[in-house]
């Protein structure tokens with residue numbers, strides 16, 4: 001994996017000028033998207049520095065899972081799956097967007113094993129696995145997150 005510090009600002013500016021998203025640039029370079037944005041995006045705010053009330057629903061779930069004892073990387077993966085409501089973001093698609101690379105599929109599978117041990121249910125799909133509807137609810141419960149109407 002490439003370090004974000006090794007990616008030139010000129011390369012990032014060129015790709016952003018062409019309309020490439022941060023996730024696409026992360027996949028091109030092999031550097032983590034979060035680190036690329038931290039170094040090259042003046043509008044980016046580190047989610048860990050924001051107040052709880054200002055967090056997006058996905059960030060609220062991620063923070064709740066970290067408080068519940070999940071490792072940061074596992075919490076990020078599960079929050080992304082939760083945000084996509086499971087079936088719309090199967091594991092192979094998710095792995096392609098995390099940390100910019102193909103080696104991350106093993107990381108996603110490891111996060112699945114940790115989550116299953118905590119009672120989160122998954123469903124098999126053609127592209128790997130995704131959250132079952134019960135898994136979406138279980139993650140919200142583990143994170144201690146409720147939204148208007150009591151539903152995520």
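Filtering segment 98-121 down to residues that are modelled with pLDDT of 85 or more, touching a strand residue (DSSP E or B) at 6+ places or on another chain (Cβ under 9 Å) and surrounded by 15 or more Cβ atoms within 10 Å (Cβ to Cβ), which residue is farthest from residue 74 (Cα to Cα)?
For segment 98-121, the residue satisfying everything is 121.
Find the residue count for segment 105-141, including only residues that are free of Cβ contacts under 8 Å to residues at least 12 places away in the same chain and assigned to a strand (DSSP E or B).
Total meeting the criteria: 1.
Somewhere in segment 133-140, is a residue modelled with pLDDT of 80 or more and farther than 18 Å from residue 60 by Cβ?
yes
Which condition from (1) modelled with pLDDT of 85 or more; (2) in a helix (DSSP H, G or I) is the one that residue 70 breaks?
Of (1) modelled with pLDDT of 85 or more; (2) in a helix (DSSP H, G or I), only one is false for residue 70: (2).
The values are calculated or read from the model by the stated rules, or taken from the named source; none is laboratory data. Here the structure is a predicted model, which is why all the values come from computation and not from measurement. Backbone-built Cβ (ideal geometry, glycine too); neighbour counts: all protein chains shown.
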